[in-house]
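Q: Before anything else, here's the structure in question.
The values are calculated or read from the model by the stated rules, or taken from the named source; none is laboratory data. In this text the structure is predicted, and so the values were computed from the model without any measurement. No Cβ is skipped: glycine too gets one built from the backbone with ideal geometry, and neighbour counts run over all protein chains shown.
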């Protein structure tokens, strides 16, 4: 494990130390949504991100940070940490253990190291130059996506089809109709399960950079692929397709491209 990979694990464990006491407890929360859309943030989100930022500032003061709760600090730096302290806040406030802490390190504009951590289950799914592995209970297990011959054999996931626009929902419905089974409501934990070889495909839209950056190194190091709905690199458009078997990519994109946003300039 490289020094930066090890530090990523340290950050995930610090976030767990701060966030876990709030889980299934009483904590302050507020709605930062607009136009009637419920978009919660809790004191656990803010406390966890603040703790991560403190460690980064102490260890790597020249690194930049982009975080969901506290914004950007030197986003043009060569190394930039991208943080979502609690992805799946709705699951967190409902007491469901499908929320995660997402930590990515971007180098020269591309995510190179990522961690998808589920503190309640004591799981850190880590991806980077040293490969992909699950850290749990003091043990490390290699992560590998599984083979899947076609969409008709695939287990697929999205958080909630209601989050799609109407045209995106139609595109998802075509992928869903071709697949064997769909599971909903897993947030970023679905990507961890894809890297672990339990899910074959995840498609989502409307994601911010902190929602998808950590997923890329984990899934790619495990043998999968992450693209936008055109088949290009993930971008600020927020439409993400992740597959464990490269053979699933084109069949899924044949439906998703009909709802793909214009490619980034």
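Q: Here are 201, 135: which of them is touching a strand residue (DSSP E or B) at 6+ places or on another chain (Cβ under 7 Å), crowded, with 16+ Cβ neighbours inside 10 Å, in the same structural domain as residue 120 (by TED's automatic domain parsing) and touching a residue at least 24 places away in the same chain (Cβ under 8 Å)?
A: 135
Q: I'd like the full set of residues that are closer than 27 Å to residue 13 by Cα, in contact with a helix residue (DSSP H, G or I) (Cβ under 8 Å, 6 or more places away or on another chain) and in a strand (DSSP E or B), limited to segment 135-156.
A: 135, 136
Q: Residue check: is residue 95 out of contact with any strand residue (DSSP E or B) (no Cβ under 8 Å at 6 or more places or on another chain) and over 15 Å from residue 193 (Cα atoms)?
A: It is true that residue 95 is out of contact with any strand residue (DSSP E or B) (no Cβ under 8 Å at 6 or more places or on another chain) and over 15 Å from residue 193 (Cα atoms).
Q: Given the criteria part of a helix (DSSP H, G or I), touching a helix residue (DSSP H, G or I) at 6+ places or on another chain (Cβ under 8 Å), in contact (Cβ under 8 Å) with a residue 24 or more places away in the chain and more than 16 Å from residue 88 (Cα to Cα), does residue 175 qualify?
A: So residue 175 fits the description; yes.
Q: Now, a different point. Within segment 238-246, can one find any residue that is modelled with pLDDT under 95, over 26 Å from residue 144 (Cβ atoms) and within 14 Å of the chain's Cα centre (by Cα)?
A: Yes - at least one qualifying residue is present in segment 238-246.
Q: Hey, can you tell me all the residues within segment 208-227 that are more than 16 Å from residue 132 (Cβ to Cβ), in contact with a helix residue (DSSP H, G or I) (Cβ under 9 Å, 6 or more places away or on another chain) and outside any helix (DSSP H, G or I)?
A: 227
Q: So which strands (runs of 3 or more DSSP E) are wholly in segment 1-73 and hold at least 1 residues that are modelled with pLDDT under 90?
A: 29-31, 40-42
Q: Need the failing condition index for residue 255 against (1) part of a loop (DSSP other than H, G, I, E, B); (2) out of contact with any strand residue (DSSP E or B) (no Cβ under 7 Å at 6 or more places or on another chain); (3) surrounded by 19 or more Cβ atoms within 10 Å (Cβ to Cβ), just the number.
A: Checking residue 255 against (1) part of a loop (DSSP other than H, G, I, E, B); (2) out of contact with any strand residue (DSSP E or B) (no Cβ under 7 Å at 6 or more places or on another chain); (3) surrounded by 19 or more Cβ atoms within 10 Å (Cβ to Cβ), the one that fails is (1).
Q: Checking the condition surrounded by 16 or more Cβ atoms within 10 Å (Cβ to Cβ) and within 17 Å of residue 217 (Cα to Cα), which residue from 8, 89, 2 passes?
A: Unique residue meeting the criteria: 8.
Q: Follow-up. Residues to consider are 247, 185; find the one that is on the phi > 0 side of the Ramachandran plot, outside the structural domain of residue 107 (by TED's automatic domain parsing) and either surrounded by fewer than 23 Cβ atoms within 10 Å (Cβ to Cβ) or free of Cβ contacts under 8 Å to residues at least 24 places away in the same chain (or both).
A: 185
Q: Another question about this same structure. Considering only segment 100-131, state which residues are within 24 Å of residue 29 (Cβ to Cβ) and surrounded by fewer than 24 Cβ atoms within 10 Å (Cβ to Cβ).
A: Correct list: 118, 119, 120, 121.
Q: Does residue 238 meet the test of being assigned to a loop (DSSP other than H, G, I, E, B), over 24 Å from residue 86 (Cα atoms) and outside the structural domain of residue 116 (by TED's automatic domain parsing)?
A: Spelling it out, it is not the case that residue 238 is assigned to a loop (DSSP other than H, G, I, E, B), over 24 Å from residue 86 (Cα atoms) and outside the structural domain of residue 116 (by TED's automatic domain parsing).
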